[in-house]
Amino acid sequence: MAEMLDQVDEASAPSREQQAGETLTSDTIEWLAGLPDNVRPGVVPVRFPRIANALARRWGSGTACRAYLDDLLIDKRGTRRGLPDEVADELATLKDYFETVLYPVPQTVWDEVAERRRKR
């Protein structure tokens, strides 16, 4: 795990990302280690440990985590600069895994129709 985090060049991270001085909690490191390799973020924990810690805290709650991921990925105010592409990609991968494997949500209108029929 430490090797993965060392692969990202911390010197390339803008200073704003490091200002808070927050580090990964032991719970976050454990959460990261438990994720499948193809889902585990490598850049987010290094450049944005605050976001990684917040995700780890919310991961067990379908509603809270989905809302947080949506808030990170969707600019509802229209004034945000946006996240670096590699960070947005990792968050989108986490969201996809979260919504298709852990807490499945209908992906199309037909999924919704099928789900309603099963509940009858």
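For region 23-76, taking Cα atoms only, Rg and Dmax work out to 10.9, 32 Å respectively.
Here each label is just a point 7 Å from Cα along the line to Cβ, and for D37 and V101 those points are 1.3 nm apart.
Throughout, read-outs are computed from the coordinates displayed, never taken from laboratory work. For clarity, every value in this text was computed on a predicted model and none was experimentally measured. For neighbour counting, all protein chains shown are included, and Cβ atoms are generated from backbone atoms with ideal geometry for every residue, glycine included.
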